[in-house]
1. Do you know which residues across the stretch B:7-37 are within 14 Å of chain A (Cβ to nearest Cβ) and more than 18 Å from the chain's Cα centre (by Cα)?
2. Any residue at all in the stretch B:252-261 that's hydroxyl-bearing (Ser, Thr, Tyr) and open to solvent by 20 Å² or more (accessible area, probe 1.4 Å)?
3. When the residues of the stretch B:395-430 are filtered to those that are free of Cβ contacts under 8 Å to residues at least 24 places away in the same chain and not in a loop (DSSP other than H, G, I, E, B), which remaining residue is farthest from the chain's Cα centre (by Cα)?
4. Restricting the search to the stretch A:47-62, which residues are more than 7 Å from every other protein chain (Cβ to nearest Cβ) and surrounded by 19 or more Cβ atoms within 10 Å (Cβ to Cβ)?
5. Answer yes if at least one residue in the stretch B:114-127 is away from chain A (no Cβ under 14 Å), closer than 18 Å to A:Arg81 by Cα, within 24 Å of the chain's Cα centre (by Cα) and not basic (Lys, Arg), and no otherwise.
6. Looking only at residues that are closer than 19 Å to A:Ala99 by Cα and buried (at least 18 other Cβ atoms within 10 Å of the Cβ) in the stretch A:63-73, which one is farthest from the chain's Cα centre (by Cα)?
7. Say we look at the stretch A:72-85 and pick out the residues that are in contact (Cβ under 8 Å) with a residue 24 or more places away in the chain and more than 7 Å from chain B (Cβ to nearest Cβ); which of these is farthest from B:Val164 (Cα to Cα)?
8. Out of B:Val164, B:Val130, B:Val194, I need the residue that is open to solvent by less than 10 Å² (accessible area, probe 1.4 Å) and either within 9 Å of chain A (Cβ to nearest Cβ) or under 30 Å from A:Gly34 (Cβ atoms) (or both). Which one?
Amino acid sequence: MSSRLVPTERDATGRGGRPLRITVDGVPADGIAGQTLAGLLLASGRSSWRQAPSGAPRGVFCGIGVCFDCLVTVNGEPDVRACRRRAVDGDEVTTGSRAVPRPTDGPESGTGEGQ
Amino acid sequence: MPAARRVAVVGAGPAGLSAAQAALAAGARVTVIDAAEEPGGQYHRTVPAAYAPRRPGHLQHGWRAFEHRRRRVLAHPRCTWLPQTSVWALERPRPGQEGPPRLHLLCSGPADGAGRPRRTLDVDALVLAVGAHDRVLPFPGWELPGVCTAGAAQALAKGERVAVGQRVVVAGSGPFLLPVAASLLDAGSQVREVLEANTAATTARGWGRRPWELAAQAGKAAELAAHAAALARHRVPYRTGRAVVEARGDGRVEEVVTARLRADWSVLEGTRRTVAVDAVCVSHGFSPQLELPLAAGCALGERAEPGSDTAGTRASGPSGSRGAPDAFVRVDERQRTSVPGVFAAGEITGIAGAAAARAEGAVAGWSAATGGSAPRDPGTRRALRALRRSRDQGRAFAGRLARAHPIGAAWPGWLRPQTVVCRCEETDYGSLCAAFATEAGAAPRVAKLNTRAGLGPCQGRICGPTVAELRRRLAGDAPDRPAEGLPAADPHRRPLAQPIRLGELAAPSAPLTGPGHRPEEESSS
């Protein structure tokens, strides 16, 4: 574990912190109200929660909603940017993967809109 | 008295909030739109209200002035504040009709939620102040978890009090590395070193030219000095001419390889060093968020050299920098873009920092509210002159910044054939080199379909400028042959500016109503 929340007693913003609990793939994870899902996941010691097409792990990269690396499913809604969504007590977060069976790859199987 | 003009401001950072304040002062009805819950943008990102902070201004520069402006704007009876709202598309007027585009909004919902109400908004003037995000050049291993942008580390430290790592290297180029390192130290991280890729000679030359201009930037200088003092207090080395050229680790970053660079950012062999880290925060500059300006039809150009005859930006010449990483929205003296009724302010017109963004925003807000006509009363004229002076000082600062922290041309030397360039689709450097080796394959749309670079969820926001730059270098000026009826390819062109769910798209849309845009409900103030 390397990323973490600044402990209340030495946080110069003098913050409070109402606890909340979410689940990540069914496993409980604790955080505080106001955290984004990405902040909560990082503070709970996770560094990655999504897989790129090759299966390589991904977590937070841009942190401000631009790179879409941190996508999760929240209460059944897919493709939610974890760095922009505030955690709500009881959220059920499911991590995901873009890893696909290789042979189906091709230009026509794209998910993007192109230009 | 004529009906008050309706102005929409997209983005509530320093530029947007300042634009809203000026437009309100000039008598307009103003709608302020931002994706976040609170105004402030990235510069004034602060902990959420739910944290109940006793000192929300901790780590904030200019906090009291910002608080004051925020209250004035949001509480104004002619202001409608739309937090957590995305502009997902701009619809240009039909041929023959004038005026700014219609805004298509996804209103007031949790980020990427489902079933957010879809609204349209028609205004007399539109101010775009959507800002920028970190530009990160690829290097081997940059896709490993634990490697993040400097902006991510800053957003998490300032906005959530989360430290991205305990042993961190901050690397890249530009003065932004300093506040990020300072925030990490404040959050309790050990910053092992801060690496500026440009050599000491380059930065000294850039900052040292025309030193008298710096006097006008005393605020900025004091801010940077405070960060430098924090680094010194914690004995964090600041090294110039050195960069992170590789990140390594099993499933996450465990160490970085740093190397000394020449002025062109080529690696000096024999200078590689390995540093153990659990996070590395990188920024090589900023990319303006250009999808909305492009959707509105705004012309782009390079930022003009400060002190040159042309104010603002100059058009790209025939050599073509359209879509180049250094392309910004072209604006005139009054912050007007090339599209009637559309104004631009802040980082999308050139990376110049918060003070310049505020001045540009005020000029843009004034112009938007008055239709760009010259003010009659001497007081306003004086105020506008002072704002333009402040903006020009900011632009001079931006020029200095660009000269002191350029991106060195030899950075692709850090790459290996298998280095990921497009993070989403994992397109590697070797595939791009192969694609750009033939004239037919190098056409942007062909290369995109063949290599998939830019086709993933981020829609080329991260790799777009890099791929465009690699294409220019490897394919030279090979002509783009746009398919019939399609505009020329551009790394920033995204018809859907923000993701929208199919269910939301299918749901009917209604015009937005409220005090910002319904004249019959205008309050007497």
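The values are calculated or read from the model by the stated rules, or taken from the named source; none is laboratory data. In this text the structure is predicted, and so the values were computed from the model without any measurement. All Cβ positions, even for glycine, are placed from backbone atoms using ideal geometry, and neighbour counts span all protein chains on display. Calculation scope for accessible area: heavy atoms of the full protein, side chains included, ligands and nucleic acids excluded. Shrake-Rupley method; radii C 1.70, N 1.55, O 1.52, S 1.80 Å.
1. B:Glu37
2. Within the stretch B:252-261, the subset hydroxyl-bearing (Ser, Thr, Tyr) is B:258.
Now restrict to residues that are open to solvent by 20 Å² or more (accessible area, probe 1.4 Å): none.
No.
3. The extreme case among them is B:Gly430.
4. Applying the first criterion (more than 7 Å from every other protein chain (Cβ to nearest Cβ)) to the stretch A:47-62 yields A:49-51, A:55.
Once the filter is applied, which keeps residues that are more than 7 Å from every other protein chain (Cβ to nearest Cβ) and surrounded by 19 or more Cβ atoms within 10 Å (Cβ to Cβ), the stretch A:47-62 yields A:Trp49, A:Arg50.
5. Step one: filter the stretch B:114-127 for residues away from chain A (no Cβ under 14 Å), giving B:117-127.
After this cut, where a residue has to be closer than 18 Å to A:Arg81 by Cα as well, the list is none.
No; the residues of the stretch B:114-127 include none that is away from chain A (no Cβ under 14 Å), closer than 18 Å to A:Arg81 by Cα, within 24 Å of the chain's Cα centre (by Cα) and not basic (Lys, Arg).
6. Taking the stretch A:63-73 as the starting set, the residues that turn out to be closer than 19 Å to A:Ala99 by Cα are A:67-73.
Now narrow it down to the ones that are buried (at least 18 other Cβ atoms within 10 Å of the Cβ): A:67-72.
On the way: A:Cys67: 12, A:Phe68: 10, A:Asp69: 9, A:Cys70: 5, A:Leu71: 6, A:Val72: 5 Å.
The extreme case among them is A:Cys67.
7. By that ranking, first place goes to A:Val74.
8. On the way: B:Val164 fails: open to solvent by less than 10 Å² (accessible area, probe 1.4 Å); B:Val130 fails: open to solvent by less than 10 Å² (accessible area, probe 1.4 Å).
From the options B:Val164, B:Val130, B:Val194, the qualifying one is B:Val194.
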